[in-house]
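Worksheet: one structure, shown below.
The values are calculated or read from the model by the stated rules, or taken from the named source; none is laboratory data. All of these numbers come straight from a predicted model, not from anything done at the bench. Please note: Cβ atoms are built from the backbone with ideal geometry, for glycine as well, and neighbour counts cover all protein chains shown.
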Amino acid sequence: MLIAIIAGALIGASFMGFSGALLGAVVGYWIAQLLAMALRRGNLGQIQSQFLDSTFAVMGALCKADGQVTRDEIRVAEELFTRLRLSDTQKDDARRSFNRGKQADFDLDAEVAKFVQVARGQRALHQMFLQVQIAAIAADGKVSSAEHAALMRVARGLGLSEMEIRQLEAMLGARGAASGDTGGDGMGSRAGVSPEDQLKQAYDVLGVSPEASDAEVKKAYRRQMSQNHPDKLASKGMPESMREMAEQKTREIGAAYERICEARGIN
């Protein structure tokens, strides 16, 4: 941007002196802004495309991690196509990606690394990526040790911390995934979870310990809501089709905070 401003100023000065330099600098600034915007838009499309491609390829690999892909897992993948409101073309692409991930020669680590490279620095997108994988392999109520090991491998490849992984797993447990239930208030009320476990899940969702102060809990809640706001994620490359999942995550964060406030008597 600085180069464009200087170049504009020099060109303007050569024709109109000082006033031309000012005008040239302004023109150079706006040209730089337009170029930067074009680059961001191009990169955004690349991130969105890679997100969907890698999401379903990795999903296929995780479902095949225990040696076979069950009918339930295929059904879950198909339901996810519908939930994400993919077009017919996108569904065909997703199926191809899913089948690619099932192949014996599929390089799981390389696929995750490819996504990380494209979505460089977008940590919230990395979390969303893993959230989709957790929901997919656990939706049938069964997660084998091989699937869990592969999931942790993906999490490490994404560079997520143990705390971030626990947060995502807590959200999964909170929504009653073991029974295939994704409704309720997002904190286990329809999954037969005890009040004590619901409260523990709530702290895990916010990423704080039960010993945290009220101020620390509120700060964690605001940080989580800011980082996971659907509009912010979309601006960083999350496909629009995944907005519903992002909105569900913010509802779960809100429900977790309300649960903690209720237990602490915070108004």
Can you work out which of the residues in segment 115-124 that are surrounded by fewer than 18 Cβ atoms within 10 Å (Cβ to Cβ) and not charged (D, E, K, R) is nearest to the chain's Cα centre (by Cα)?
GLY121
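Give me the residue from segment 136-152 that is in contact with an Asp or Glu (Cβ under 6 Å, 6 or more places away or on another chain) and part of a helix (DSSP H, G or I) and, out of that set, farthest from GLU79 (Cα to Cα). Explain how you work it out, then say what you get.
At the first step, the residues of segment 136-152 found to be in contact with an Asp or Glu (Cβ under 6 Å, 6 or more places away or on another chain) are 137, 140, 144, 146-147.
Filter once more, keeping what is part of a helix (DSSP H, G or I): 137, 146-147.
On the way: ILE137: 13, ALA146: 23, GLU147: 20 Å.
The qualifying residue farthest from GLU79 (Cα to Cα) is ALA146.
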On the basis of being out of contact with any Cys (no Cβ under 9 Å at 6 or more places or on another chain) and modelled with pLDDT of 85 or more, does ALA220 make the cut?
yes
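Listed here are the residues, each with its yes/no results for (1) buried (at least 19 other Cβ atoms within 10 Å of the Cβ); (2) more than 22 Å from GLN224 (Cβ to Cβ); (3) basic (Lys, Arg).
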| residue | (1), (2), (3) |
| --- | --- |
| ALA110 | no, yes, no |
| ALA113 | no, yes, no |
| HIS126 | yes, no, no |
| GLN131 | yes, no, no |
| ILE137 | yes, yes, no |
| LEU158 | yes, no, no |
| GLU164 | no, no, no |
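Out of the residues in segment 88-108 that are of a type in the set (Gly, Ala, Ser) and either in contact with a Ser or Thr (Cβ under 9 Å, 6 or more places away or on another chain) or surrounded by 19 or more Cβ atoms within 10 Å (Cβ to Cβ) (or both), state the one that is nearest to VAL58 (Cα to Cα).
Initial filter on segment 88-108 (of a type in the set (Gly, Ala, Ser)): 94, 97, 101, 104.
Those left that are additionally either in contact with a Ser or Thr (Cβ under 9 Å, 6 or more places away or on another chain) or surrounded by 19 or more Cβ atoms within 10 Å (Cβ to Cβ) (or both): 94, 97, 101.
Working: ALA94: 11, SER97: 8, GLY101: 6 Å.
Taking the candidates together, the pick is GLY101.
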Scan segment 107-122 for residues that are closer than 17 Å to LEU52 by Cβ and not aliphatic (A, V, I, L, M) and report the count.
5
Those residues of segment 49-71 which are of a type outside the set (Phe, Trp, Tyr) and either loosely packed, with under 14 Cβ neighbours inside 10 Å or under 20 Å from ARG243 (Cβ atoms) (or both), in sequence order:
SER49, GLN50, LEU52, ASP53, SER54, THR55, MET59, GLY67, GLN68, THR70, ARG71
Picked from segment 66-85 (must be closer than 25 Å to ALA155 by Cβ and touching a Ser or Thr at 6+ places or on another chain (Cβ under 7 Å)), the residue modelled with the highest pLDDT is ASP66
If you check every pair at least six apart or on different chains, which have Cβ atoms under 8 Å apart with a residue in segment 222-233 that is under 15 Å from PHE129 (Cα atoms) and in contact (Cβ under 8 Å) with a residue 60 or more places away in the chain first and a residue that is surrounded by fewer than 16 Cβ atoms within 10 Å (Cβ to Cβ) and of a type outside the set (Ser, Thr, Tyr) second?
GLN227/ARG123
